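Written out below as structure tokens is the structure these notes cover.
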Amino acid sequence: MAPPKSALNVPDNPEYVSDIRYIRLRQRLVEQLREKGIRDETVLEAIGTVPREFFVDEALRSESYGDHALPIAAGQTISQPYIVARMTELLELKPGCRVLEIGAGSGYQTAVLALLAGKVFSIERIPALARLAQTRMRTLGFHNTTVKNFDGTGGWSQFAPYDGILAAAAGPEVPQPLVDQLAVGGHLVLPVGDDKEQHLIRISRTESGFRQEMHGSVKFVPLIGRHGFSELKG
Ligand code: SAH
């Protein structure tokens with residue numbers, strides 16, 4: 001993990017330490033993301049801190065610092081580092097803030113968020129992935145994350161409102177419960193669309209209402225649930 005001078009919420013005493021090879025590859029990835037237009041230095045520092053190799057199958061570890069998605073269990077994917085960085089940047093997180101993530105998957109994005117936020121609530125609909133993501137958080141020494149297994153399209157009202165909400169799977173439209181659970185000044189970042197065309201959307205809640213922006217074409221796995229695609233279509 002990063003040296004103590006870091007402004008990030010870096011955990012103490014992780015049980016996992018990266019091989020020096022991976023530390024070098026991670027720094028190279030950070031440079032690539034900077035060249036591709038990621039500007040927020042704290043986001044880049046978080047990417048430079050989280051051991052992405054720890055979030056993929058052992059057989060794929062050598063590929064873990066390429067800027068692309070990789071397969072994980074249950075037909076899902078660990079998101080491309082650029083898109084993780086871009087979505088995190090769009091959330092404009094402040095220290096101590098509260099974040100909701102829908103689609104923990106491998107847990108990689110959860111760890112990036114945990115370095116920048118006060119508390120991360122993460123939901124994953126596939127039980128085995130939820131369990132593994134939670135175990136990984138503990139092994140890395142994160143105690144400000146909770147990963148639970150249920151349909152996240154309804155949000156997690158118990159801990160609402162959230163300063164940032166991020167979904168890593170694309171539904172046919174923006175789930176209304178997620179909009180409702182956004183704090184004033186908060187941002188919701190998510191892909192919307194089907195397997196042919198998806199757009200990254202940011203909805204920001206202001207004192208007077210909501211503002212929506214489009215942030216380009218993306219490709220995510222389907223968001224399956226009550227306010228997403230039905231199981232059969234997905
Ligand atoms: N950022 C994650 C992305 C994982 S892929 C990573 O880098 O590992 C998206 C995840 O969303 C999948 O694991 C999928 O199971 C999950 N998902 C899809 N629909 C969901 C829903 N309704 N609620 C919670 N998780 C969902």
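Every read-out reported here was derived from the displayed coordinates using simple, explicitly stated rules and does not represent laboratory data. Since this is a predicted model, take the numbers as computed values, not measurements. Positions of Cβ are backbone-derived with ideal geometry, glycine not excepted, and every protein chain shown enters the neighbour counts.
A few notes on this one:
- For the range 1-53 versus the range 55-129, the gap between their alpha-carbon centres in whole angstrom: 14
- Shown here for the range 193-234: trypsin sites (Lys or Arg not before Pro) in loop regions (DSSP other than H, G, I, E, B) with at most 12 other Cβ atoms within 10 Å, namely LYS196, ARG226, LYS233.
- Per residue, the average separation of C-alpha pairs within less than 8 Å and at least 6 apart gives the range 14-217 a relative contact order of 15 percent.
- The string of couplings for the range 186-201 from the Karplus curve (6.51, -1.76, 1.60, θ = phi - 60°) is x, 10, 10, 10, 6, x, 9, x, 10, 6, 9, 8, 9, 10, 7, 10 Hz, one whole number per residue in order, with x for Gly and Pro.
- Rounded to the nearest Hz, the phi-derived 3J(HN,Hα) couplings of the range 54-70 under the Karplus curve 6.51 cos²θ - 1.76 cosθ + 1.60 (θ = phi - 60°) are 6, 9, 10, 4, 3, 5, 9, 4, 5, 9, 6, 10, x, 7, 8, 6, 9, where x marks glycine and proline.
- Amide H contacts under 5 Å for ILE224: PHE229, restricted to partners 5 or more places along the chain or on a different chain, H placed in the peptide plane at 1.01 Å from N.
- Pairs of Cα atoms farther than 26 Å apart, the chain, %: 30
- Note on the chain: dipole from Cβ charges, positive end direction compared against ALA170, VAL56, ASN9; the farthest Cα belongs to ASN9.
- Computed per residue of the chain from DSSP H runs no shorter than four, each worth -39500 (n - 2.57), the mean residue ellipticity at 222 nm is -7500 deg cm²/dmol.
- Qualifying trypsin sites (Lys or Arg not before Pro) in the range 39-131, DSSP loop, other Cβ atoms within 10 Å at most 14: ARG39
- The dipole here belongs to the chain: it is taken about the Cα centre, uses +1 on the Cβ of Lys and Arg and -1 on the Cβ of Asp and Glu, and is about 220 debye.
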